[in-house]
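Visitor: Structure incoming, see below.
The values are calculated or read from the model by the stated rules, or taken from the named source; none is laboratory data. Please read all numbers here as calculations on a predicted model, not as lab measurements. So basically every Cβ, Gly included, is an ideal-geometry build from the backbone, and we count neighbours across all protein chains shown.
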Amino acid sequence: MQKVKELLNKYSANQKPFVFVKTYGCQQNVSDSERIKGIFISMGCILTNIKEKADVIVFNTCAIRENAEHRVFGNLGQLKNLKNRNPNLLIIVCGCMTEQEHIGEKIRSIFPFVEVIFGTNFIGNLKDFIFESLRKRSLNLKKSIAENYNNLKLRRDCLSEEIPRQRDNKITAFVPIMYGCDNFCTYCIVPYVRGREVSRSIESIKKEVENLVNLGYKEIILLGQNVNSYGKDLGSSFTEVLREVTKIDGDFWVRFMTSHPKNITKDMIDEIASNEKICKSLHLPFQSGCDKVLYDMNRKYTRKEYLAIIDYAKLKIPDILFTSDVIVGFPSEIYDDFKETLSLVKTVKFSSLFTFIYSKRKGTLAYNMKDNVSCEEKAKWFSELLKLQRSISASIYSSFVDRNLKVLVKESRNKKNFGFAKTNGDLVVNLENYKEEFKGKFCIAKIIGFKERVLRGIVTSF
Ligand code: SAH
Ligand code: SF4
Ligand code: F3S
């Protein structure tokens, strides 16, 4: 550790090395970056938001869709100038993209100034990688290409419970409860870049949440690619995690994401219904409303089964709000199939939808499936879906106007007296009488209107 510190100091232009970490992709990556930042802080570094000032730049990448990768390649290209200006700059690329062999190769050949590349299960080895790379520099060993440390089979204790986390947010905390995914949906790269499911022990999850609540955190978001398959490897269940975590004393909300419809149990919904600390919102991706497409996607549930879960949840939790992910233009999908997606959206009435146009991922099963629908056609379907969802969201949002809701006030978005809050059902509220003292508190807000997907509210008591 001391040696890594010395080397980092040697190559830094500042008194203490400045580190810039850029995170792409989902909350899992945000959470991984918190550990990466924690490691740098433990080595005496200072985090910066200005990459021009940095001695070390880390890109934590996402591979979920092609455009996510394009963005990273574009941003990596821009680093060339910085590296020319400051040859001591250490550039590190990690995360999901690097777990694909062809991408690792591409980075090494197009961006030779990247010195360390490491995969999603190797955060615990970051210090060693930095040491290795800077030691080679100091010995003047000519080394123009990065080592690529990634091997999902070599699943070196990815749990690495001892790694400190540097959280930016003081109100909301992400707490991973499991890593990886075993589902192999045919369109999805995640199981290939994150490896098999591994669950953390309930004890360590509970300990972390306890600490966070003691530190004053008010919103705990339990994370996993499929949280409700938690515990398969431990003989435990997600409902148990919910029960245990909410036993902790204190005034806080618990949310979780993402749930997979095939693993939802009545038990879990009953727990959400009866447990005050669990927010009444469910992110439940359906991906398609058509059984044929769901089968081809390997989702392992039918439209009917999905709707049965929604009905049961609505029955048990009348004020529940749903959100979802949906893919438009999966190979072999035709307009009649897509119409079933539209009809499912009309039936469920999600408060908001995360909509994606299918993106071909090398290495997945769907990669070789025939895709007869043109991009223009897919774009047309996509806008039809957006238009429908916009009207559904508007009617849900308008139903909250004039109501008094319990909200959790987050950090002010700008310097003026505009702050924002979240409702229990995960809707965003802009508070028109925001005051610094509301921050991090549960307040009652009167909803006075809405604009697109943001409610407008006034805090009436706190
Ligand atoms: N584990 C979560 C989601 C992970 S990825 C789940 O199973 O729900 C987030 C979303 O990205 C997915 O729900 C899916 O809608 C979308 N997605 C994944 N792969 C995609 C691809 N190849 N093309 C387009 N969208 C994709
Ligand atoms: Fe991807 Fe499916 Fe796993 Fe979600 S459940 S991460 S969509 S393979
Ligand atoms: Fe992207 Fe990896 Fe998340 S591929 S969506 S960052 S798990």
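Visitor: Would you mention how many residues in the stretch 358-401 are in a loop (DSSP other than H, G, I, E, B) and of a type outside the set (Phe, Trp, Tyr)?
Guide: Count: 14.
Visitor: Within the bounds of the stretch 103-118, is there any residue that is touching a residue at least 12 places away in the same chain (Cβ under 8 Å), under 17 Å from the mean Cα position of the chain (by Cα) and buried (at least 21 other Cβ atoms within 10 Å of the Cβ)?
Guide: no
Visitor: Taking interchain pairs and intrachain pairs at least six residues apart, which have beta carbon atoms under 6 angstrom, with the first residue in the stretch 228-249 and in contact (Cβ under 8 Å) with a residue 12 or more places away in the chain and the second of a type in the set (Ser, Thr, Tyr) and assigned to a loop (DSSP other than H, G, I, E, B)?
Guide: ASN228/SER259; GLY231/SER237; PHE238/TYR230; VAL241/TYR230
Visitor: A follow-up question, please. Being at pLDDT below 95 and either in a strand (DSSP E or B) or on the phi < 0 side of the Ramachandran plot (or both) is true for just one of LEU234, LEU242. Which residue is that?
Guide: Among LEU234, LEU242, only LEU234 is at pLDDT below 95 and either in a strand (DSSP E or B) or on the phi < 0 side of the Ramachandran plot (or both).
Visitor: When residues of the stretch 43-61 are filtered for being surrounded by fewer than 22 Cβ atoms within 10 Å (Cβ to Cβ) and under 24 Å from the mean Cα position of the chain (by Cα), how many remain?
Guide: 5
Visitor: Is there any pair with a first residue in the stretch 360-373 that is small (Gly, Ala, Ser) and a second that is surrounded by 15 or more Cβ atoms within 10 Å (Cβ to Cβ) whose Cβ atoms are under 6 Å apart and which are 6 or more apart or on different chains, and what are they?
Guide: Close Cβ pairs satisfying both conditions: GLY363/TYR192; ALA366/THR186; ALA366/TYR187; ALA366/PRO331.
Visitor: Next up: What number of residues within the stretch 274-306 are in a helix (DSSP H, G or I), in contact (Cβ under 8 Å) with a residue 12 or more places away in the chain and of a type in the set (Phe, Trp, Tyr)?
Guide: 1
Visitor: Six or more apart or on different chains, Cβ under 6 Å: which pairs go from a residue in the stretch 396-421 that's in the same structural domain as LYS439 (by TED's automatic domain parsing) to one that's modelled with pLDDT under 95 and part of a helix (DSSP H, G or I)? Could you list them?
Guide: Partner pairs satisfying both residue conditions: VAL409/PHE438.
Visitor: Look through the stretch 307-324, keep the residues that are free of Cβ contacts under 8 Å to residues at least 60 places away in the same chain and within 23 Å of the chain's Cα centre (by Cα), and return whichever of them is nearest to ASP267 (Cα to Cα).
Guide: Restricting to residues being free of Cβ contacts under 8 Å to residues at least 60 places away in the same chain and within 23 Å of the chain's Cα centre (by Cα), the top hit is PHE322.
Visitor: Among PHE40, PHE20, PHE59, which is the only one that is assigned to a helix (DSSP H, G or I), closer than 19 Å to ILE117 by Cα and more than 16 Å from ligand 1 (Cβ to nearest atom)?
Guide: Sole residue among the options that is assigned to a helix (DSSP H, G or I), closer than 19 Å to ILE117 by Cα and more than 16 Å from ligand 1 (Cβ to nearest atom): PHE40.
Okay, residues lined up against (1) modelled with pLDDT under 95; (2) more than 16 Å from ligand 3 (Cβ to nearest atom):
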| position | (1), (2) |
| --- | --- |
| ILE171 | no, yes |
| CYS188 | no, no |
| PRO191 | yes, no |
| ASN214 | no, yes |
| VAL227 | no, no |
